[in-house]
Structure formats: C-alpha cells, structure tokens
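The values are calculated or read from the model by the stated rules, or taken from the named source; none is laboratory data. Every value quoted in this text rests on a predicted model; they were computed, and no experiment measured them. Neighbour counts run over all protein chains shown; Cβ positions are idealised from the backbone, glycine included.
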Amino acid sequence: MAVRQNTTWKNFLSPMVRFLIDEDKWRRYADSIDWEKQSDRFRRSDIIVPLYYSSQNFHGIEGGYLNPEVAVSYDPVTQYLLPPHETLVRQALIDAVKVHPRRILDLGCGTGSTTLMLKQAFPQAEVIGLDLSPYMLVRAEDKAQSAGLEILWRHGNAETTNFQNAAFDLVTASLLFHEIPNTVSQAILRESFRLLVAGGQILILDGNQKTLRQFEWLNDIFEEPYIREYAAGNLDASMGAAGFEAVRTQDVWWINQVTSGVKPIPVTDVTAQKKRQQYTPRSIDSTIDNNDLEGLGSPVFGIRA
Ligand SMILES: C[S@@+](CC[C@H](N)C(=O)[O-])C[C@H]1O[C@@H](n2cnc3c(N)ncnc32)[C@H](O)[C@@H]1O
C-alpha cells in the first residue's frame, strides 16, 4: 500500500500541533534516553512484525511506531486529538468496566495512557500492557514509574499473544482498531475471546464509526492508512462474530465510541456459580498468582454497580 502524501495532517494540522507543543522539552526528553538499549529490554526475537504495521507511516512519521520519535511525540500530539479532553475520553472506557477485574490485558497499549488509568482504577488487579512497538513500551514504563504504578509491559502481537486460555477477566484496547485492517481486528477479537474467562468483558475505545461515516472528511484529516476500512465496519457485528454477547456501543462525546462485549458463560457454569454463591461467603480475591483464572469463577458475578 502506498504511503499517502499531502494529507491535511501533514500540510496543516501537524505544523499547528507542533506550534502548540513544547518541542524543546520533548527533544530533551528524547535525547535523555538510549532508545535502542532500553527497547532491547522489551524486544522479543520471536515476535514477527506484520506487514500492515511495518509498511505504513502513522501520523506522518516515517516507520510509524517502529520509529522511537513516535514514542516521544505520541502523547503531546494525542492530547489535541481527543476532544473535549483526553482524560474524559479515556475515562469512558474505565466507566464502562462492569466486572471486578483481577487480571487486565490492555492490547496495543502504546505509551500506556489508558493502561495507567486502568491500574489507578483497579489497584488490586494485575495489569499488563502489550504492544508491537518496544519504543512505545519504553515510554509507557517510564510513565508508570513516574506515577508509582506497577504494570507489566510486554512486547507482542495482539493477534497471537501466547497467553494461556482464560487468563484475563478484562481485555481492553484503546485507539487501536482504527489503525489496523479489519481482518486484523477480527483476529484480535477472536484472540481476546480466547483470553477471557467466561463472563469476562472486552472493551474497545476508538473513533466513532457512525460519525466517521457521516463526516467523510474526518477520515482524511490524519495520516491513518486503515481508517476508512474501520469507519465502514461495524464493531458490534465484529464482536458478535467473534462470539461475544451483550454487545453495546455507546457514543463518547461525538467523535469516539466505546464498545463492550461479554464472553458468554456456558449454562452449566451459571448453575454451578449460583450454587457456589449460595453456600460460600463472598471474598475479594486480589492475588492472582497464575495464568489461569478459570478456577476463580466468573467476574460477572461480582458485577459493579
Ligand atoms: C494509536 S496507538 C494507541 C495507543 C494507546 N492504546 C492509546 O490509547 O493511546 C496504537 C498502538 O497499537 C499498537 N499496535 C498496532 N497493531 C498492533 C498489534 N497487532 N499488536 C499489538 N499492538 C499493536 C501500535 O504499536 C500503537 O502503539
């Protein structure tokens, strides 16, 4: 696929955002880090970088997320791309959590902005952020350390994570789906289904598909190679096709949306859960010491108000 030239982003928005951000500050930050050495701590030799990812510029940066420049410029730029306010938009995903998560996986975590908020909201949970770019993970780890948050950062492809079946009770992805082809989204949804316990929840925060369809020109603004494909799709239907139930999308302001789905609980498990609930006093299990949550029962039974 050819890299697009003369986008509105390149010609107009990028210079404007560059004017708004303190470039010197970020340049000093970039220079203070040995990106190759630090990223090597995360880089895994068994990860095969897919072509859709390595062949594209994202937001006009050559090499996309495989260029450490993105890890530095991502946060200062993104704050201007999530109206009315970045934190409010990300908070919509946190507010949509309906389970008591004990183990959370944030796919395509990038510099970890949502991952940090998840850990703050659910301090007892083990939180893992996974991304294909080891440079983004360097920045994410730095942010978590500054905030005093213990989060695990993992280099990996969200399509095939290598985590065990039913290892998580909450899987999230923010601003990932508009940046990947629909076939990849579908693979990530299937992988998320595999990773969740029965009753576990998936939450996807991203651009509002309805709005993007209605206002075509929005798709041209940023250098986003797969955004048209994303806008034409229907995340509710994709989640349904991956096996999720209780799928719902809610608008987040006008420009974003959060989609939630639940991995169904087999009928026999529901009966067993009800019995367990009747006879066992409920305690909050906050220490997860293995990869398998299946024995812990469904998080849906600890549903949040
Ligand atoms: C737009 S950023 C979003 C980052 C972060 N979630 C946020 O909300 O700011 C998209 C991220 O997805 C990552 N990514 C893209 N495809 C991926 C894949 N197949 N597996 C894991 N990460 C992926 C990119 O490296 C990038 O960090």
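Out of everything in region 181-194 that is crowded, with 24+ Cβ neighbours inside 10 Å and of a type outside the set (S, T, Y), what residue ends up being nearest to the ligand (Cβ to nearest atom)? Only one residue tops the list, namely I188. Within region 231-251, not a single residue is in a loop (DSSP other than H, G, I, E, B), within 22 Å of S54 (Cα to Cα) and not hydrophobic (A, V, I, L, M, F, W, C). Summed over region 99-133, the residues that are within 16 Å of the ligand (Cβ to nearest atom) and either assigned to a strand (DSSP E or B) or at pLDDT below 95 (or both) give a count of 9.
Pairs are defined by a Cβ separation below 6 Å, a sequence spacing of at least 6 or placement on different chains, a first member in region 261-273 that is at pLDDT 70 or above, and a second member that is of a type in the set (S, T, N, Q) and not in a loop (DSSP other than H, G, I, E, B); the pairs so defined are V262/Q201. Looking only at region 209-229, residues that are at pLDDT 95 or above and buried (at least 21 other Cβ atoms within 10 Å of the Cβ) come to 0 in all.
In region 64-91, the qualifying residues are those that are in contact (Cβ under 8 Å) with a residue 60 or more places away in the chain and under 29 Å from A198 (Cα atoms), and the one that is nearest to the ligand (Cβ to nearest atom) is R90. In the set (1) farther than 17 Å from T78 by Cα; (2) touching a Ser or Thr at 6+ places or on another chain (Cβ under 9 Å), the condition left unmet by A173 is number (1). Out of the residues in region 134-167 that are within 18 Å of K263 (Cβ to Cβ) and away from the ligand (no atom under 15 Å from the Cβ), which is surrounded by the most Cβ atoms within 10 Å (Cβ to Cβ)? Result: A167.
Of the set (1) surrounded by fewer than 17 Cβ atoms within 10 Å (Cβ to Cβ); (2) without any contact (Cβ under 8 Å) to a residue 40 or more places away in the chain; (3) β-branched (V, I, T), all apply to I94 but (1). Taken over region 39-64, residues that are in contact with a Gly (Cβ under 8 Å, 6 or more places away or on another chain), at pLDDT 85 or above and under 14 Å from G110 (Cα atoms) amount to 1. Taking region 244-256 as the range and being more than 16 Å from S174 (Cβ to Cβ) and surrounded by fewer than 15 Cβ atoms within 10 Å (Cβ to Cβ) as the test, the residues that pass are E245, A246, R248, W254.
Note on region 252-270: residues that are part of a loop (DSSP other than H, G, I, E, B) and more than 21 Å from L82 (Cβ to Cβ) total 4. Entry remark, region 182-234: residues being of a type in the set (S, T, Y) and more than 22 Å from V252 (Cβ to Cβ) number 1 in total.
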